[in-house]
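Everything below concerns the one structure shown next.
Bear in mind these aren't lab numbers, they're just calculated from the coordinates by the rules spelled out. Every value quoted in this text rests on a predicted model; they were computed, and no experiment measured them. Here the Cβ positions follow ideal geometry from the backbone for every residue, glycine too, while neighbour counts run over all protein chains shown.
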């Protein structure tokens, strides 16, 4: 079995074809950025959009529909890519994303909008997952970490900047153009990818037809119901969903058990138990889940902090945080150089974890009274370490599971997506809860209508402007105290991820 002692530089006969330059992946990288930024755009504009569609109580549905399409599509892409190859499905995913964005940007009612978001989510899953599969097919493993670095950077950079950039577009020309504008860009990516990306030989037609005839429809159905219930259960802001969270999680758990049984009995499972439960892969998948809970915890709560405490506009927030994206590229390039001669991915992974954890601990110490000026760039080493860690873990996946890489990559991306969903929901809820608790402590009990003021602030932080200056300072101090949770929680998750890697 391949392990981290396996040499990566093999004889010429075993090498893949000469790797392409990174410029040939430009279309794919723009697609990854779009897919990631799109989620952040909706996160910041969903309330405004839902109000424009005359359905403010269903604002949460807008983001849920995209996440649902994304999650459901991932294992299907993995299954089909193992049969037909990833290139054609990557091209199809650009079309789906473009069509989904066009539908959502053009309609005037909530349900067609949600359908468009679902279609865009299916496309976004392919744009993210299949590019990772494709680089494994066309690049030699000695270049894999370097190539993967650009995908990681585009993904997390899109997640961090999508919200502020979407806010700028929404402020200037309206939310419809924040969606419609993505459609022609996606089609341009399709054209460029068609001419730039090489064709990879697919399996024989006989095997393809046999496998498609035996498609795991029961497994797909169980997974869809489980994923739908889980995504709805982790969604806040809709009274109907909030009141039925225990039921939704129960349904998700029941169909997860059904999925496990079906997949064990299936001759060609859509989510192979041999991959997801393999002893040498479990720690990778669990580690990715934890790390992306960490990523979404940090990246989704930092822009709101800058808006609320530093009173920055969306444009200023984007300018403040975009340099951290280069840390991911730098870290992944470092990992690529270190991994060029041998697959010592555990060592590089632990180096990445160490850098991330050190940076987060520094933030915990230095941000205790708020983020002062350039101290926001303490997050730069965090992104460098993240780039090293994520690149090294993808190489670990390629080394440990070379025969089912498409399925393994789909699961790899799926657990990352689930981690982002859990991290966003859990960290936002925890921050709000702690913020409310600190408001209860810092606002005087003698204050008339104290409880009502706290409820208004939790529902709409902008109501702070109606308060006297001394109360505004108390509210801001409460938010700063609550925000200490974010780097601390991220540090705990990162260290836990490192422990998994150390003992895997």
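Computed packing ranks the peptides 254-267, 380-393 as 380-393, 254-267, most packed first, by mean other Cβ atoms within 10 Å. Each residue, residue 463 and residue 107, gets one label point 7 Å from its Cα in the Cβ direction; the gap between the two is 3.2 nm. Over the chain, Cα pairs under 8 Å with separation of 6+ residues give a relative contact order of 22 percent. This ranking places 496, 170, 297 by how few other beta-carbon atoms lie within 10 Å of each, fewest first, which gives 496, 170, 297. Among 242, 155, 38, 108, the ranking by other beta carbons within 10 Å of each residue's beta carbon, starting with the fewest, stands as 108, 242, 155, 38. Across region 324-479, the relative contact order, built from alpha-carbon pairs under 8 Å that are at least six residues apart, equals 24 percent. When peptides 478-489, 284-295 are ranked by their average number of other Cβ atoms within 10 Å per residue, the highest-first order is 284-295, 478-489. Sorted fewest first by neighbouring Cβ atoms within 10 angstrom, 137, 449, 375 come out as 449, 375, 137. Label-to-label distance for residue 432 and residue 274 is 4.5 nm, based on points extended 7 Å past Cα in the beta-carbon direction. Working from Cα positions, state the angle (0 to 90°, nearest 10) between the long axis of helix 59-84 and the longest principal axis of the chain. Between the helix axis and the principal axis of the chain, the angle is about 10 degrees.
Only helices enter this figure: runs of n ≥ 4 DSSP H residues, each worth -39500 (n - 2.57), summed and divided by the residues of the chain, yield -26000 deg cm²/dmol at 222 nm to the nearest 500.
Between residue 442 and residue 176, the FRET efficiency estimated from the beta carbon spacing at R0 = 30 angstrom works out to 0.15. Peptides 118-131, 463-476, 359-372 ranked from most to least packed by the mean count of surrounding Cβ atoms within 10 Å: 118-131, 359-372, 463-476. Structural descriptor for region 19-213: relative contact order 37 percent, calculated from alpha carbon pairs under 8 angstrom and at least 6 residues apart.
Put a dot 7 Å past the Cα of residue 450, heading toward its Cβ, do the same for residue 375, and the two dots end up 2.9 nm apart.
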